[in-house]
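Novice: Take a look at this one; I'll ask things after.
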Amino acid sequence: MFISFAGLPVHAPGESYSFSQSASRIQESNSIGITFVLNVTTPFPGINYQFTWTVTQPDSTTDTATTHVNTVPSAFTTSVNYPADFGTVITEVGNYSISVAQTTPPPNSNPVATSTFRVELTNADTYQRTDSVIMSAQGYAANENITIRLASNSGSAPGFPTSRLANSIGVLSFTWTSIPASISLGTYSVTITGSKTTKTPPDTQPFLINTANMTIPQLSITQNSLQRTQTENFRFTASYPNTVQARTGSATIRITEPDGVTVHDIAANYKTNIGQFQGAYQIPLDANTGVWVASIDTGAYDDGYGNTGPSSSAVRGFAVSSATLTISATTANNNYTIGNVVAIYSSVITPGGDNFTSGTVTATAFYSSQRIGSSLQLSYDQSRGKWVGSYTINSTNPSGIWLIQINATDAYDNSGYGTTSILVTVAPTQQPPQSSMFNYVWIIVIALVAALAVLATFIVYRRGRMVRRVLKVDLEAIHAEAKKVENNEFFKNVQEQLKEQKRNPSDSTSAK
């Protein structure tokens, strides 16, 4: 009975199987292949297990391999690689199937696992533009001339058909280095034929070409902090899947002000001189101050052929502050006196280099630290491109160097100031004209001399010659006194004025 019992097949008490494989497709090549793994749990302990692996090719031929597991523990794993462990060479494209049968001990049912995989000519079924397409085929004669055709419904792909030679063991390896970025999208078929060998089924396979997903690693800026009216420049590079940088197309850069609501969109285009895409935005005078955010949103870039990116937003922040205006002022002259008009011309320039044309611009004059009068409001002269105003010097103004300060402001907190200087000369109060006084004194002298003459005549008449001598003496005394008067500094000045009046009769008339 013991011998009879030992001869009966032993069944496992209820194994559990799980199956996995390293890939769902491989190329027509032996270099890597595909690995299949069978996991067995709750096996019959102490029993040797054996499995048969069977691969069925597209033409229905089969390849087999066997694995053994001796004296199993509570669980085990067994695996094979196709085609390496099957002693075969892959020469057919198409759908393959694999089954695993447990031959010892007999399971409740066979096969214990099944699966499928596909053999193809290319290293992928789907590509993006600019990807490389690697092709492999074998089963040809040594050094056989092989023709490679690649076409879609719209015609052959650029550079195809082309030809290559198989190697010394009949294997063809070919790489389409880069799918053009502008190639038509859709399904393409690759067909490989030999000049001597005819394969059944033929080496042919479809694959799909999609748009390229562009990569934008970062968005860069030229200024981390700037004032209103200045221009922020944005730059970036866009790369294809093969890392080649794009030089066509454009991107939309979204700029958001600190309020989170005000948004500006600008276009960035490729600039050959810098080898990057560039966009620029000038900050308005009335813009919000604070931290601004610029971003290239997902899919905001297009190379012009439908290749888009980035797959995630590229973001950069920068700070904006109020504008400090640059002010220069000039006057028509540098020296002024009473009655002169001081014409003030002021250029007010924003940080961005533009004319400041709206707002309030005033001019205030200072002598030392003392303000002179009230501030003068200037007006913008479009024809001159300057702010202008004027001030008239009067007799109450102080003499000396005046400092004129120009201040500019607007409703958005932008401001600036500048200065210039002028020399003001105000003459002291003039003395009354001396010509009238001189006329009065001269009349008095003439009257005195006339009176003395009458007196002398009277004495001569009364006293005769003696009297005449006395009179002569008196007259000489009078003349001496008159001479003294003439030598007096006051009368010298009077004489000088008389001479001046003779030279300029008109002045004399006006003085009278």
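Novice: Do the conditions hold for Y345, that is, is it assigned to a strand (DSSP E or B), over 30 Å from P241 (Cα atoms) and of a type outside the set (G, A, S)?
Specialist: For Y345, the condition - assigned to a strand (DSSP E or B), over 30 Å from P241 (Cα atoms) and of a type outside the set (G, A, S) - is met.
Novice: Scan A323, A329, A300, A319 and give me the residue that is small (G, A, S) and under 29 Å from P241 (Cβ atoms).
Specialist: A300
Novice: Hey, another quick one. More than 15 Å from R118 (Cβ to Cβ) and in contact (Cβ under 8 Å) with a residue 60 or more places away in the chain: does that describe Y17?
Specialist: yes
Novice: Let me ask something additional. Conditions: (1) surrounded by fewer than 19 Cβ atoms within 10 Å (Cβ to Cβ); (2) farther than 25 Å from S322 by Cα. Y391 meets all but one. Number of the miss?
Specialist: Of (1) surrounded by fewer than 19 Cβ atoms within 10 Å (Cβ to Cβ); (2) farther than 25 Å from S322 by Cα, only one is false for Y391: (1).
Novice: Of all residues in segment 394-421, which are buried (at least 17 other Cβ atoms within 10 Å of the Cβ) and either among the polar types (S, T, N, Q) or outside the structural domain of T337 (by TED's automatic domain parsing) (or both)?
Specialist: Hits for segment 394-421 are N397, Q405, N407, N414, T420.
Novice: What are the residues in segment 348-358 that are touching a residue at least 40 places away in the same chain (Cβ under 8 Å) and part of a strand (DSSP E or B), if any?
Specialist: V348
Novice: Hey, could you check segment 52-84 for residues that are touching an Asp or Glu at 6+ places or on another chain (Cβ under 6 Å) and more than 17 Å from A101 (Cβ to Cβ) and say which is surrounded by the most Cβ atoms within 10 Å (Cβ to Cβ)?
Specialist: Q57
Novice: If you don't mind, there's one more thing I want to ask. Can you name the residue in segment 176-211 that is of a type in the set (S, T, N, Q) and not in a loop (DSSP other than H, G, I, E, B) and is also nearest to Q128 (Cα to Cα) among such residues?
Specialist: N210
Novice: Among (1) more than 13 Å from the chain's Cα centre (by Cα); (2) small (G, A, S); (3) under 29 Å from P180 (Cα atoms), there is one condition A287 misses while meeting the rest; what is its number?
Specialist: (3)
Novice: Please verify whether segment 105-123 includes one or more residues that are touching a Ser or Thr at 6+ places or on another chain (Cβ under 6 Å), modelled with pLDDT under 95 and farther than 22 Å from S136 by Cα.
Specialist: Scanning segment 105-123 turns up no residue that is touching a Ser or Thr at 6+ places or on another chain (Cβ under 6 Å), modelled with pLDDT under 95 and farther than 22 Å from S136 by Cα.
Novice: For residues that are touching a strand residue (DSSP E or B) at 6+ places or on another chain (Cβ under 7 Å) and over 10 Å from S346 (Cβ atoms), tally how many sit in segment 385-406.
Specialist: 13
Novice: Which of the residues belonging to segment 295-314 are among the hydroxyl-bearing types (S, T, Y) and either over 20 Å from V263 (Cβ atoms) or surrounded by 19 or more Cβ atoms within 10 Å (Cβ to Cβ) (or both)?
Specialist: Y301, Y305, T308, S311
Novice: Which of the strands (runs of 3 or more DSSP E) contained wholly in segment 48-160 include at least 3 residues that are more than 30 Å from N213 (Cα to Cα)?
Specialist: Counting at least 3 such residues, we get 49-56, 62-69, 75-82, 94-104, 113-120, 145-152.
Novice: Right, here's the next one. Does G194 satisfy the criteria of being surrounded by 17 or more Cβ atoms within 10 Å (Cβ to Cβ), among the small types (G, A, S) and free of Cβ contacts under 8 Å to residues at least 60 places away in the same chain?
Specialist: Considered against the rule, which asks whether it is surrounded by 17 or more Cβ atoms within 10 Å (Cβ to Cβ), among the small types (G, A, S) and free of Cβ contacts under 8 Å to residues at least 60 places away in the same chain, G194 comes out as yes.
Novice: Determine, yes or no, whether T126 is exposed (fewer than 14 other Cβ atoms within 10 Å of the Cβ), within 26 Å of Q245 (Cα to Cα), modelled with pLDDT of 95 or more and among the hydroxyl-bearing types (S, T, Y).
Specialist: Yes.
Novice: For residues that are outside any strand (DSSP E or B) and surrounded by 13 or more Cβ atoms within 10 Å (Cβ to Cβ), scanning just segment 25-41, find the one that is farthest from the chain's Cα centre (by Cα).
Specialist: Once the filter is applied, the top-ranked residue is N30.
Novice: What number of residues within segment 359-399 satisfy the criterion of being assigned to a loop (DSSP other than H, G, I, E, B) and under 39 Å from the mean Cα position of the chain (by Cα)?
Specialist: Number satisfying all stated conditions: 6.
Novice: Which of the following residues is modelled with pLDDT under 95, closer than 20 Å to N397 by Cβ and not polar (S, T, N, Q): A332, A363?
Specialist: Testing whether each residue is modelled with pLDDT under 95, closer than 20 Å to N397 by Cβ and not polar (S, T, N, Q) leaves just A332.
Novice: Among the charged types (D, E, K, R) and either more than 30 Å from T193 (Cβ to Cβ) or touching a Pro at 6+ places or on another chain (Cβ under 6 Å) (or both): which single residue out of D63, D125, D85 fits that description?
Specialist: Within the list D63, D125, D85, the selection yields D85.
Novice: Also, I was wondering about something else. Which condition number does F44 fail, the rest of (1) at pLDDT below 95; (2) under 25 Å from A124 (Cβ atoms) being met?
Specialist: Just one mismatch for F44, condition (2).
Novice: Something else about it: Filter segment 155-184 down to residues that are exposed (fewer than 15 other Cβ atoms within 10 Å of the Cβ) and of a type in the set (A, V, I, L, M) and give me whichever is nearest to T308 (Cα to Cα).
Specialist: L165
The values are calculated or read from the model by the stated rules, or taken from the named source; none is laboratory data. All values reported here derive from a predicted model rather than from experimental measurement. Every residue, glycine among them, receives a Cβ derived from its backbone with ideal geometry; neighbour counts consider all protein chains shown.
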